[in-house]
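Below: one structure, written as structure tokens.
No value in this document is a laboratory result; all are computed from the given coordinates. Bear in mind that the values here come from a model prediction, so they are computed numbers and not experimental data. Cβ sites come from the backbone with ideal geometry, for glycine too, and all protein chains shown count toward neighbours.
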Amino acid sequence: MSKQNIIYLAIACLFVCTVVSCGGGTKGKTETKTEEVIPDDIVELRSDQVKLANIVTGTVELRSLSGTLKVNGIVNAAPQNLATICAPMSGFVKSTSLMPGNAVARGQVLVVIENQEFVDIQQNYLEARNKLEFAEADFKRHSSLFKDDVYSEQNVQQVTTEYKNLKAQVNALKQKLVLISINPDNLQEDNISRSISLVSPITGYVEAVNVNLGKYVTPTDVMFKIVNNDKLFLELTLFEKDANKVARDQKIRFFINNETETHEAIVTQTGQSVNADKTYKVYASVTGVCKNVLPGMYVNAIIETAGSQVTALPSEAVVSFDDKDFIFVFDKNKVEGGKPFTEYRIIEVKKGVTDGGYTEVGLPEGFDINSAKVVLKGAYTLLSAKKNAGEMAC
């Protein structure tokens, strides 16, 4: 075959291919149909798929839900059940038999301390008391004679002043004796003591002992700490955003030392101010007998938040995807190709507390809770269809 014939053959083949190609293109255009574009927030199912997924719709309800709030805190003793023992005056420790953990009763002697100043106070009191007895008798005598014009008014005023000064001195010394635990009424010239005994003001347990025999203590030194565990309370730390979730008389369940045993408390007071770190305090009284709960312990607590009327749905109606929460709402029924379809619209919501199988939902503005048909069952099936984009398509 000549070179020219080969060129003609090639041109003929190219023409045939062009015609076939054009013809095929025309046929394809004839058979192409306009496909429906489904919006991104719509999921479409056939009627048999709806039945298979067991989809059930209903309305949003208004329910009173009580949620829980997890917080941390510490155990404290009530101020009236916690005692710090200090010496009213300086002195040397003469005797004590207490150890940390010892039980003590109210009025029990904790420590005996001695000092020469104790003797001086008692001596001064007795001397002043004796002088007061004489001054009182002299005052009465001068007052009587003044009425009879025997003594001048100046003499009476002088005697009166001396009497009142002695009376004030005696009363002041009497208070000093009471301060160092000496009964002034029982003090006589023959029972002056150089030592005093300090007693426990409450019944409880010795938490700390900071003395030893012969130690010199001052009024600023803490000798003992005594705590009564009968009335303990929790000091819990909450964030500012949870301030409106806690009120008096709410119940609290708490745990200590990672134990499984549950202890209970009741909120008695909420914080009245917010700290610089945007936290505030809540105080709760421990109820019942908790033998292993001691002041200073760290606790994990669960507060049962107050219930209120909120928009709620069954928990299975709320689904999560990409750290967001959604519900599905019936949009419309339609027919395509002689087959019935149902469309559901996906709507983002704000999930709240969960209680008793229901979850609080924050709905978008304009959502009509009375007319909207929310998918109560089968929401996860619709979510799967949405995520897989076509696995459940017709």
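Taking the longest Cα principal axis of the chain as reference, the axis of helix 153-179 is set at about 50 degrees.
Here the Karplus curve 6.51 cos²θ - 1.76 cosθ + 1.60, taken at θ = phi - 60°, turns the phi angles of segment 122-135 into couplings of 5, 4, 4, 5, 5, 5, 5, 5, 5, 5, 5, 4, 5, 5 Hz, with x standing for Gly and Pro. With viscosity 1.002 mPa s and temperature 20 °C, the Kirkwood radius over alpha carbon pairs of the chain converts through Stokes-Einstein to a diffusion coefficient of 69 µm²/s.
Subtracting the Cα-Cα distance of S285 and L62 from 0.36 nm times their residue separation leaves 77.0 nm of extension gain. Residue order for I192, I121, fewest other beta carbons within 10 angstrom first, comes to I192, I121. Here each label is just a point 7 Å from Cα along the line to Cβ, and for E259 and K324 those points are 4.7 nm apart. Amide H contacts of V349: D325, F326, I327, each under 5 Å away and 5 or more positions distant or on a separate chain (H built 1.01 Å from N in the peptide plane; Pro and chain starts excluded). Summarising the amide proton neighbourhood of M297: residues at separation of 5 or more, or on other chains, whose placed amide H is nearer than 5 Å comprise V75. The residue among T220, A247, F330 whose Cα reaches farthest toward the positive pole of the charge dipole of the chain, with charges on the beta-carbon of Lys, Arg, Asp and Glu, is F330. Modelled label positions at Q108 and L179, each set 7 Å beyond Cα in the direction of Cβ, lie 2.9 nm from each other. Taking every C-alpha pair closer than 8 Å and separated by at least 6 residues, the mean separation divided by the residue count of segment 83-226 gives a relative contact order of 51 percent. Phi-derived couplings, Karplus 6.51 cos²θ - 1.76 cosθ + 1.60 at θ = phi - 60°, listed residue by residue for segment 188-200: 10, 5, 9, 10, 5, 10, 8, 10, 10, 10, 9, 10, 7 Hz, with x used for Gly and Pro. With a/c under 1.5 counting as rounded, go ahead and sort segment 196-318 into rounded, prolate or oblate using the C-alpha gyration tensor (a ≥ b ≥ c being the square roots of the eigenvalues; past the cut-off, prolate if a/b is larger than b/c, else oblate). Taking the square roots of the gyration eigenvalues as a ≥ b ≥ c, segment 196-318 is prolate.
Here's the picture: charge each Lys and Arg Cβ at +1 and each Asp and Glu Cβ at -1 in the chain, and of Q154, M297, V93 the one pushed furthest to the positive end of that dipole is M297. Binning the alpha carbon pair distances of segment 83-226 at 10 angstrom intervals from zero yields the distribution 11, 31, 23, 16, 10, 7, 2, 0, expressed in whole percent. Per-residue Cβ neighbour counts within 10 Å put C86, C290 in the sequence C86, C290, beginning with the fewest. Residue-wise HN-Hα couplings along segment 347-364, as the Karplus relation 6.51 cos²θ - 1.76 cosθ + 1.60 with θ = phi - 60° gives them from phi, are 10, 7, 10, 9, 7, x, 6, 10, 7, x, x, 10, 10, 6, 10, x, 8, x Hz; Gly and Pro carry x.
The magnitude of the dipole of the chain, with charges of +1 and -1 set on the Cβ of Lys/Arg and Asp/Glu and taken from the Cα centre, is near 1060 debye.
The length gained by stretching the chain between K377 and A168 to full extension, at 0.36 nm per residue less their Cα-Cα distance, is 66.5 nm. Relative contact order for segment 252-320: 35 percent, from Cα pairs under 8 Å spaced at least 6 residues apart, divided by residue count.
Helix 3-31 and the longest principal axis of the C-alpha atoms of the chain enclose an angle of approximately 60°. Within segment 118-139, name every residue whose backbone N is under 17 Å away from a label modeled 7 Å from Cα of Q154 along the Cβ vector. In segment 118-139, the label zone of Q154 (backbone N under 17 Å from the point 7 Å along Cα→Cβ) covers no residue.
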